[in-house]
Amino acid sequence: MTAGGELFHHLDLAGAFDEATAMFYAANVLLALEHLHSRGLVYRDLKPENLLLDAQGYCKVADFGFAKKIGADKTYTICGTPDYQVWTLDLPVAQW
């Protein structure tokens, strides 16, 4: 457990973040994903419930159950939390 709890909890309380707060959290996530990608890791379950805040309010990525080491390869597996998946994944390929 981290001192600040889940980002989801704070978003639920606020209803929506102001632009500066949203940009701060987005930058935190971007830096984390860049770091993972630089090491050949793909994080495949990004959602507010998996972003934990430390005592200073910075995001920490949690739950690496769907993460995958791919290096320079590609992955074609569809996984993650259904409520957060892109709706176009449900369309037949011909409709893309």
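Numbers for the structure displayed
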item: Residues located in the range 1-20, provided they are more than 30 Å from LYS74 (Cβ to Cβ) and either touching a His at 6+ places or on another chain (Cβ under 9 Å) or among the aliphatic types (A, V, I, L, M) (or both); result: MET1, ALA3, GLY4, LEU11, LEU13, ALA14, ALA16, PHE17, ALA20
item: Meets criteria (among the charged types (D, E, K, R) and under 16 Å from GLN56 (Cα atoms)) for GLU34; result: no
item: Cβ pairs under 9 Å, 6+ apart, first in the range 4-15 and among the aromatic types (Phe, Trp, Tyr), second not in a helix (DSSP H, G or I); result: PHE8/LYS47; PHE8/LEU51
item: Output for the range 25-76, where each listed residue is touching a residue at least 12 places away in the same chain (Cβ under 8 Å) and of a type in the set (Phe, Trp, Tyr); result: TYR25, TYR43, TYR58, PHE64, PHE66
item: GLY40 surrounded by 11 or more Cβ atoms within 10 Å (Cβ to Cβ), more than 30 Å from TYR76 (Cα to Cα) and modelled with pLDDT under 95; result: no
item: Every residue from the range 1-22 that is part of a loop (DSSP other than H, G, I, E, B) and charged (D, E, K, R); result: ASP18
item: Residue under evaluation PRO92, criteria (1) at pLDDT 95 or above; (2) over 11 Å from the mean Cα position of the chain (by Cα), criterion not met; result: (1)
item: Test: residue in the range 28-36 that is among the polar types (S, T, N, Q), surrounded by 12 or more Cβ atoms within 10 Å (Cβ to Cβ), over 13 Å from the mean Cα position of the chain (by Cα) and at pLDDT 95 or above; result: no
item: Extreme residue, farthest from HIS9 (Cα to Cα), among residues of the range 23-82 that are charged (D, E, K, R) and outside any loop (DSSP other than H, G, I, E, B); result: LYS69
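The values are calculated or read from the model by the stated rules, or taken from the named source; none is laboratory data. No experiment lies behind these values; they were computed from the predicted model shown. Don't worry about glycine lacking a Cβ; one is built from the backbone with ideal geometry, like all the others, and counts go over all protein chains shown.
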